[in-house]
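Report on the following structure.
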Amino acid sequence: MTKSRTSVLIVGAGPVGLALAGDLGWRGDACTLIERTDGAISAPKMDMVGIRTMEHCRRWGISDWVSHSPYPRDYPQDNVFLTSLTGYELGREAIPPKNLEKRPPQSPQNRERCPQDMFDPILTRFVRQFEHVDLRYRTELVDFGERDDGVVATLRDHAAGRDYQMTADFLVGTDGGSSAVREKLGIGMSGQPVLTYTTNIIFRCPDLPELHDKGRAYRFIFIGPEGTWLTIVAINGADRWRMSIVGTAEKKTFTEEEVKDLIRRAMGKDFDFEILTIVPWVRRELVADSYGTKRVFIAGDSAHLMSPTGGFGMNTGIGDSVDLGWKLDAMIRGWGGADLMRSYEIERKPIAVRNVSESSGNLKRMLSSRDRKPPAEIFGDSEAGRQARKEFGDWYAEQMRREWFTIGIHLGYRYENSPVVYSDGTPSPADEIATYTQISRPGSRAPHVWLADGSSTLDLFGRSFVLLRLGRDAPDAERFLRAAKARNMPLDVQVLDDEEACKIYQYRLVLVRPDGHVAWRSDNLPKDAGEILDVVRGARSSAVNERNASRVA
């Protein structure tokens, strides 16, 4: 059997696998990404690229590719609650189109609307820039075995009709909710396996906005006598639409004729449309019990499954890839410590639990109208109906508002109790949802500040660890540089004599990891800079971290 070798074998070329392959390629690491299909996207599952994901895209140099995708930037992003498209509007959360949305002060980027059939090709283009990244479609993982020094995988090339072996230092399963990698490792998932049985229908109708009086909007949420029963989303802002029959916890399948009847019910009249795909699926609330072993890991939907209410799924997975990327790079290049890869699960699993819970909460709020059934008056043309529609619409809009504004979820996640974050013992701040307060506390995302040259502090991070010396009187960094050189550990020093940066970062010395999270901070040089670096690269434990962990336990 033919054999080949790679540093990292990534199984599954969805957005999470593509992001990991791209991040490794950007760092100069050889890897192989396999995908059992041809990579075509007929039914895009995601369309919102979150603000933190856009910050990663900025680091990779592809943020403009995303913001300039074919999705029309003048398309309104409103969320509309209604009885039918030709019926009554109950309420609306007005959100401006992308070309008018203001950039938040906490980031150099905006969230973007870029559906998967546009986003995946962008990530593929990014990956194909690197000759040392091998992207193989129609290639399936048949089996693998883990050894002390690596992984041996059997792959099947469906195009050539042959099996062959590949050895790798590490293997990462980004192969979705039914992950073969997770199953092979025997990892279970905990949570709720069924929230609702939902059916997605992609249909084509170029003139849909002209057939009703509700105008263009990103999302329409339909309320019937039974409560919330359907949503329709503008996939590409043109001719394709995704209709989701929300469903219940009881399994139900729909014939094509039944689907057509529901589309007509949503419109409120007959009209011409073309059904492209009908895909039943299950909303789940699950997180993997483990994120892997010594050399095999899972990420994205392989590790966590959540309702799409909120748009956290893919973005949480991209966060997994970024966390894995720099750690795998450290191990490949030999400066990562023995415990570095262990920190992946410790850091990322709590974020998945948090985001899965928030997604389920959004679903419950969307379905709250099933408990508080809409009064019959809202479906009638009367003064009582108009009053009832306003009252119900105001209530429903308030229920839903938490889902639309979630900058705290995207930027405010923190790596608490991580063995590779040097804790300073400060208390954990409150977890924010609709707001986000930037802090330099270890484990948090390093704050964004605009600098005099028009760049962001975030532009300083990514390739290596970065030691920020803030203010004119910041201690000298030579002690850190010598310690890093002795460990072959990449470390850059940046001097920021900037009033706003000093104010937000608070401390005179802040050490930032390659993924843009703060690893350590202080006003003073440590007695042993090498001890700090050994902790944050996973080569030794910190007495401070151990004390904090014992208090949590």
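Which helices, taking whole DSSP H runs in the chain, have alpha carbons extending 20 angstrom or more along the helix axis plus mean Kyte-Doolittle at least 0.5?
What comes out of the filter, once short or polar helices are dropped, is none.
I need the phi-derived Karplus couplings for segment 240-247: 6.51 cos²θ - 1.76 cosθ + 1.60, θ = phi - 60°, integer Hz, Gly and Pro marked x.
10, 9, 10, 9, 10, 7, 4, x
Nearest 5 percent is fine: what portion of the DSSP beta bridges confined to segment 414-552 is antiparallel?
If I count the DSSP bridges inside segment 414-552, around 60 percent turn out antiparallel.
Given a Förster distance of 30 angstrom, what is the FRET efficiency for K260 paired with D157, based on the Cβ-Cβ distance and rounded to 0.05?
Values: r = 41 Å, r/R0 = 1.35.
In this case the efficiency is close to 0.15.
Would you please give the FRET efficiency between D339 and H68, computed as 1/(1 + (r/R0)^6) with r the Cβ-Cβ distance and R0 = 25 Å, to the nearest 0.05?
About 0.05, to the nearest 0.05.
Of the listed peptides 8-15, 259-266, what is their order by residue-averaged count of other C-beta atoms within 10 Å, with the highest listed first?
8-15, 259-266
Where does each of V181, V493, V420 land when they are ranked from fewest to most other beta-carbon atoms within 10 angstrom?
V493, V181, V420
Sorted from fewest to most neighbouring beta carbons within 10 Å, what does the list S42, S369, S357, S440 look like?
S42, S357, S440, S369
How much net charge surrounds K364 when only other residues with a Cβ under 13 Å from its Cβ are counted (Lys, Arg +1; Asp, Glu -1)?
Values: positive: R283, R365, R370, R372, R402; negative: E285, E358, D371, E403.
Residues close to K364 contribute a combined charge of +1.
What is the Cα centroid distance between segment 183-229 and segment 1-55, reported in whole angstrom?
26
Taking the mean number of other Cβ atoms within 10 Å as a proxy for protection, how do you rank 318-325, 406-413 from highest to lowest?
318-325, 406-413
Within segment 68-83, list the residues whose amide N lies under 11 Å from a label point set 7 Å along Cα→Cβ of A238.
Those under the cut-off are 70-72.
At 7 Å along Cα-to-Cβ for each site, give me the label-to-label distance between R402 and D424 in nm.
Using points 7 Å along Cα→Cβ, the separation is 3.2 nm.
In a shell of Cβ-Cβ distance under 10 Å around P115, excluding P115 itself, what net charge do Lys and Arg (+1) and Asp and Glu (-1) give?
+1
Which FRET efficiency value, to the nearest 0.05, is calculated for D497 and K390 with the Förster distance at 51 angstrom and r the Cβ-Cβ distance?
On the way: r = 55 Å, r/R0 = 1.08.
So the FRET efficiency works out to roughly 0.40.
Name the residues whose placed amide hydrogens come within less than 5 Å of the amide hydrogen of M189, ignoring near sequence neighbours (fewer than 5 apart) on the same chain.
Under 5 Å from the amide H of M189 lie the amide H atoms of D289, each far enough along the sequence or on another chain.
Students often check this: by mean Cβ neighbours within 10 Å, which of 509-516, 85-92, 392-399 ranks highest, and how do the rest follow?
So the order, starting with the most tightly packed, is 509-516, 85-92, 392-399.
Show me, for segment 69-85, the HN-Hα J-couplings you get by feeding each phi into the Karplus relation (A = 6.51, B = -1.76, C = 1.60, θ = phi - 60°), rounded to Hz, glycine and proline as x.
After applying 6.51 cos²θ - 1.76 cosθ + 1.60, I find 5, x, 4, x, 6, 9, 7, x, 9, 4, 10, 10, 10, 7, 7, 6, 5 Hz.
Explain nothing, just compute: Karplus ³J(HN,Hα) = 6.51 cos²θ - 1.76 cosθ + 1.60, θ = phi - 60°, for every residue of segment 408-416 in order, whole Hz, x for Gly and Pro.
x, 5, 6, 10, x, 6, 9, 9, 6
Cut-off under 17 Å on the C-alpha distance; same-chain residues fewer than 8 positions from K294 excluded. Which lysines are left, in chain and number order?
Output for K294: K184, K327, K349.
Kirkwood Rh, Cα Rg: Rg to Rh for the chain?
0.99
Between Y88 and residues 5 or more places away or on another chain, which pairs have amide H atoms under 5 Å apart, with H built 1.01 Å from N, and which residues are they?
Amide H to amide H, under 5 Å and 5 or more residues apart or across chains, Y88 pairs with T83.
On the first, second and third principal axes, largest extent first, how far apart are the outermost C-alpha atoms of segment 414-552 in Å?
So the extents along the principal axes, rounded to whole Å, are 41, 40, 26.
Add +1 for every Lys or Arg and -1 for every Asp or Glu among the other residues with Cβ under 9 Å from the Cβ of A168, and state the total.
That sum, taken over residues with Cβ under 9 Å, equals +1.
State whether segment 314-449 is rounded, prolate or oblate according to the following rule on the C-alpha gyration tensor (a ≥ b ≥ c being the square roots of its eigenvalues): a/c under 1.5 gives rounded; otherwise a/b larger than b/c gives prolate, and the remaining case gives oblate.
Note, shape of segment 314-449 comes out prolate.
None of the figures in this text is laboratory data; all of them are computed from the coordinates on show. Everything numeric here is computed off the predicted structure, so don't read it as measured data. Positions of Cβ are backbone-derived with ideal geometry, glycine not excepted, and every protein chain shown enters the neighbour counts.
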